[in-house]
Amino acid sequence: MRRIPLVLPLGLILVLLFASTAPTQMNVRLRVIQASNIGRAVDPSLRDLHGQMGSLFNFTSYRLFRQDDLSLYPGLPTSIQVRPGRYIEVTLVQEYREGAEVRIRVILEGKDILNAMVRLSPGRTVLIGGPRHAGWVTIFALSPARY
């Protein structure tokens, strides 16, 4: 019977220790946008970004290619196949009290064609100009879904 009082506090300490070091999850929205100077159309789903894109990029047409809501865990890359041999990889590098560092890589046939580290903060979208493909320039928009 004397062991129970000793084991209980030790077990509680272990539970609290492991609960506080459990990996946290961060939800991120990734939008892959195709931009060009052919026409003057802006995809209605990109209206919230149009002003920001116009101040950073010199294009007249923006089209949403794909949108993914990702659940990221520290140090674990999330990979999305865009086309055969072409992947987007997003990794939560580090979380902060008011944001996070995220790495985005575009991999074409095993080689990085884009490797960028960005800092996300609540309520903000980060735009990254990417590679050209079939007459379009790719833009990546990353925004935290929640903290």
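The values are calculated or read from the model by the stated rules, or taken from the named source; none is laboratory data. In this text, all values refer to a predicted model and were calculated from it rather than measured experimentally. Backbone-built Cβ (ideal geometry, glycine too); neighbour counts: all protein chains shown.
Before moving on, here are some points about what is shown:
- Top-ranked residue of region 126-142 - restricted to ones that are surrounded by fewer than 20 Cβ atoms within 10 Å (Cβ to Cβ) and touching a helix residue (DSSP H, G or I) at 6+ places or on another chain (Cβ under 9 Å), ranked as farthest from residue 37 (Cα to Cα): 127
- Residue in region 19-29 that is surrounded by 10 or more Cβ atoms within 10 Å (Cβ to Cβ), at pLDDT 90 or above, over 30 Å from residue 97 (Cβ atoms) and not hydrophobic (A, V, I, L, M, F, W, C) present: no
- Reported count of residues in region 103-116, each being surrounded by 12 or more Cβ atoms within 10 Å (Cβ to Cβ) and not small (Gly, Ala, Ser), is 8.
- Of all the criteria given as (1) surrounded by 15 or more Cβ atoms within 10 Å (Cβ to Cβ); (2) part of a loop (DSSP other than H, G, I, E, B); (3) among the polar types (S, T, N, Q), the one not satisfied by residue 58 is (1).
- So residue 100, is it modelled with pLDDT of 95 or more, surrounded by 14 or more Cβ atoms within 10 Å (Cβ to Cβ), of a type in the set (Gly, Ala, Ser) and assigned to a strand (DSSP E or B): no
- Among the residues of region 61-97, just one is exposed (fewer than 13 other Cβ atoms within 10 Å of the Cβ) and of a type in the set (Phe, Trp, Tyr), namely 96.
- Scanning region 103-117 for residues that are part of a strand (DSSP E or B) and not charged (D, E, K, R) yields 104, 106, 107, 108, 113, 114, 115, 116, 117.
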